[in-house]
Amino acid sequence: MFQKGHKFFADWRDESGKRKRKSFITAKAALMNGTQQKAARPNSPAPGPSKAILQAQTDTYCDKVPHRDIAAVLGCSVRTIYNLLPTARRRLTDILHRLDLL
């Protein structure tokens with residue numbers, strides 16, 4: 001909730017992630033509406049980059065593609081690739097062990 005002039009605004013995001021906003025005369029009404037909207041649409045976890053990182057991991061092992069090229073293809077930073085790569089390697093190893101390929 002925020003105030004602009006003499007109006008109070010409740011803001012939230014809908015199911016698709018689009019930001020919604022509604023104005024109210026009192027702060028209490030804006031807070032109550034914002035709380036109701038958030039309760040009606042609980043946060044769902046954002047889809048993680050695990051598939052993309054696993055794909056990047058596979059591409060790196062097979063093609064020896066540099067991390068900066070992988071970051072450019074996935075639309076994220078090189079730092080993100082370096083931070084997420086150890087987890088992706090662990091997950092890939094677990095999958096390969098489960099499939100008895102390692």
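Every read-out reported here was derived from the displayed coordinates using simple, explicitly stated rules and does not represent laboratory data. Small disclaimer: the values here were computed from a predicted structure and weren't measured. Please note: Cβ atoms are built from the backbone with ideal geometry, for glycine as well, and neighbour counts cover all protein chains shown.
Trypsin sites (Lys or Arg not before Pro) within region 61-102: which are DSSP loop residues with at most 11 other Cβ atoms inside 10 Å? Please report the intermediate quantities before stating the final value.
Details: sites: Lys64, Arg68, Arg79, Arg89, Arg90, Arg91, Arg98; in loops: Lys64.
Filter output for region 61-102: Lys64.
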query = Separation between the Arg68 and Asp100 pseudo-spin-labels, each 7 Å from Cα along Cα→Cβ, expressed in nm?
reply = 4.4
